[in-house]
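The values are calculated or read from the model by the stated rules, or taken from the named source; none is laboratory data. As the structure is a prediction and not an experimental result, all values here were calculated from the model. All Cβ positions, glycine included, derive from the backbone under ideal geometry; neighbour counts span all protein chains shown. The area values use the complete protein model at the heavy-atom level, side chains included, leaving out ligands, DNA and RNA. Shrake-Rupley method; radii C 1.70, N 1.55, O 1.52, S 1.80 Å.
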Amino acid sequence: DGSAALRCVLEFSADLFDRESAQTLASRYVRLLAAVVADPDLRVDQVEVLEAAERTWLLEDVNRTQRPVQQATLAELFQAQALRTPQAVAVECASDTVTYQELNERANQLARYLLNYGVRPGSVVGVALPRSVSWLVAMLAVVKTGAAYCPIDAALPTQRIQFVLQDAAPSVVLTVSANAPAMTDVTDERLLLLDDPTVKAALSSTPTDDLATNERGGQLLLDHTAYVIYTSGSTGQPKGVAVTHRGLASMITEHVERMQISTGDRLLQLVSPSFDVSMAEVGQTLGSGATLVIAQAAHEAGGDELAAVLNDLTITHAMIPAALLTTVPTEAVSTLRSVGTGGEAISADLASRWASAGIRLINGYGPTESTVAVTMSTPARVGEQPHIGTPIANSQVYVLDEALQPLPTGAVGELYLTGDGLARGYIHQPALTAERFIACPYAPPGTRMYRTGDRARWTRNGVLEFIGRTDDQIKIRGFRIELAEIETAIHSFPTVDQAAVIVREDRPNDRRLVAYVVATTGHTIDTTALRTHLTTQLPNYMVPTATVILNELPRSTNTKIDRRALPAPDYTTHTQGRPPRNPREEILCTLFAEVLGLNHITIDDNFFNLG
């Protein structure tokens, strides 16, 4: 028509998009075109596709989490609760029950004893104790001195324990005689055996009142390191994360409120002390006047066994990692009212199962580099897509692109976090700390944010959806693949209870997708039917080459799936069919078998299905 105007028509599938979403995409496209026409030399990552209101919402509105909380150290928070509920039972372990007053007094005695060993604010104290009342006393005693609590699991391999002891360089290691042999390279002067009769006698004669500032040689400060937790490192060496007291009050407040915990409730101590979720178990219990129940039978339990433990101990609240939660039958749980979960993505079926049972399920998210949780969800609802919620009090999160610009609602990017709960960094690793804890462009100068390596997106409802790891976004034969997307498709198969997908390279330069599945109780999995099911939901390049059926998925000490322990598949079990009928077919089958690394294949096998 002679006009120089560019006209566009946007067509969209009503099955995938609503009109508002389509109009939003069209508006962004128009802004993109206007920007590049106005300045053709503009770099693509400098184009602003967000409306001013959406940008403000993504950066500021969702992060208006400022809330006054009782700013105090873990020691001070506990002491305040002990004053409020001195006769309430703080911890129960078998027949041993200890009130808040008794727990505080025992912690004060051990704290004074540690001061005699030279422990001061800024020190690190290793705690290698079995889960018991003494373990909880030791944790509280350490933070009362102003030192950092560093849990050491004596069941870990010797090499791992040695690394932690050398790297953390604790002033003192608290342990018992049975665990002492595992504490190699620790001199006798630094090893304090709490079951030694001499030590027990000395502790019994130590004053029980709260420590004074002049005793510890310094004030308890929010920026003192509260605990050091070791997590796996990308280089293969563990890295020690130093977390301060500053974010503890916010974390405890949010857990107590969202889990609806009060005096008289009973919380199960389930996860390993070397896992930071144990700090939430302790914090929310001792911050609410509830009882922490330590049961040795719970630590190795799952499924029906864990359900029995919950019932037998009259547990009302528990923190159960997502991978373990899938094994627990809700119909077998009678006393549980609230469950906190996290660690891995949860399926819609799992969330609905707990919600339909009338049990409050809260999904939390937070790497070790934060104070346990940085976001928490509202209670799960039947039929609702699980999410990781919104930032907790005094924390902020951002979904950013590679240029650290905010991404639109619905777009997947890397998750960054900041706020009071941010860790100090990695001990003795300044380069790694500088790489992961970077300057935050959306906060006052000097503010840092942590690059999580996790991928997420904001929904139009204002909640975060966890998508997966940046290192789980892999590339095979030129295709970029999200492993979490494949796992979600597998979970939708009727008889699948648990699933994990990894990339294996059992032969150099031969990368293959392999699925590992566990059947629901009383059912089996037809791998052929599962593959057919996946081909209706996924592109061919995302369908796993092999499916391995397991009785259970291997777990690490923090109950996450131990992907390194997943076994190699036996591809020969997939070769079923007629043998070659003539020399030409025999040659062809031989060539295919050589390429695929198999002993043999048949003329009925699918070349692509086999890898």
In Hz, Karplus ³J(HN,Hα) per residue of region 259-264 (6.51, -1.76, 1.60; θ = phi - 60°; x = Gly, Pro): 8, 6, 9, 8, 4, x
Calculated Cα extents along the principal axes in Å (choose from (1) 135, 60, 36; (2) 89, 68, 47; (3) 79, 51, 44), label: (2)
Gain upon complete extension [residue 541, residue 263; 0.36 nm per residue less C-alpha separation]: 94.7 nm
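Counting only heavy atoms of protein chains, what accessible area per residue, in Å², does region 269-423 have with a probe of 1.4 Å?
Result: 29 Å² of accessible area for each residue.
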Degrees between helix 133-145 axis and first principal axis of the chain (Cα, 0 to 90, nearest 10): 80 degrees
Lys pairs under 26 Å by Cα in the chain, provided they are eight or more residues apart or on distinct chains: 4
Structure-based [θ]222 nm, the chain - -39500 (n - 2.57) summed over DSSP H runs of at least 4, per residue, nearest 500: -8500 deg cm²/dmol
On Cα atoms only, tilt of 583-596 relative to the major axis of the chain in degrees: 30 degrees
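Please say if region 305-359 is rounded, prolate or oblate, where rounded means a/c under 1.5 for a ≥ b ≥ c the square roots of the C-alpha gyration tensor eigenvalues, and otherwise the choice is prolate for a/b larger than b/c and oblate otherwise?
Working: a/c = 1.79, a/b = 1.47, b/c = 1.22.
Since a/c reaches 1.5 and a/b is larger than b/c, the shape of region 305-359 is classed as prolate.
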Residues whose placed amide H lies under 5 Å from that of residue 468, excluding near-sequence neighbours: 455
Karplus (6.51, -1.76, 1.60) ³J(HN,Hα), θ = phi - 60°, over region 489-505, in Hz, Gly and Pro reported as x: 5, 5, 4, 7, 6, x, 9, 8, 9, 9, 8, 9, 10, 9, 9, 10, 10
Under the Debye formula (equal points on every Cα, no solvent term), log10 I(q)/I(0) of region 7-145 at q = 0.09, 0.18, 0.20 Å⁻¹: -0.60, -1.12, -1.23
Helix 74-84 vs. the chain, principal-axis angle (Cα, 0 to 90°, nearest 10): 60 degrees
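Quick check on region 202-285: take the gyration tensor over C-alpha atoms, sort the square-rooted eigenvalues as a ≥ b ≥ c, and tell me if it's rounded (a/c under 1.5), prolate or oblate. Don't jump to the answer; show the numbers that get you there.
Working: a/c = 1.67, a/b = 1.13, b/c = 1.48.
Oblate is the answer for region 202-285, as a/c is 1.5 or above yet b/c matches or exceeds a/b.
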Rough spin-label spacing in nm, given labels placed 7 Å along Cα→Cβ, for residue 159 and residue 586: 4.8 nm
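Let me know the shape class of region 57-111, please: from the alpha-carbon gyration tensor, a ≥ b ≥ c as square roots of the eigenvalues, rounded when a/c is under 1.5, otherwise prolate if a/b is greater than b/c, or oblate. Can you show the working numbers first?
On the way: a/c = 3.40, a/b = 2.60, b/c = 1.31.
Prolate, because a/c is 1.5 or more and a/b exceeds b/c.
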Surface/4 estimate of mean projected area, convex hull on alpha-carbon atoms of region 304-409, nm²: 7.9 nm²
Residue 594/residue 237 FRET efficiency (R0 35 Å; Cβ-Cβ; nearest 0.05): 0.35
Portion, in percent, of the accessible area of region 36-99 that falls on carbon or sulfur, probe 1.4 Å: 54 percent
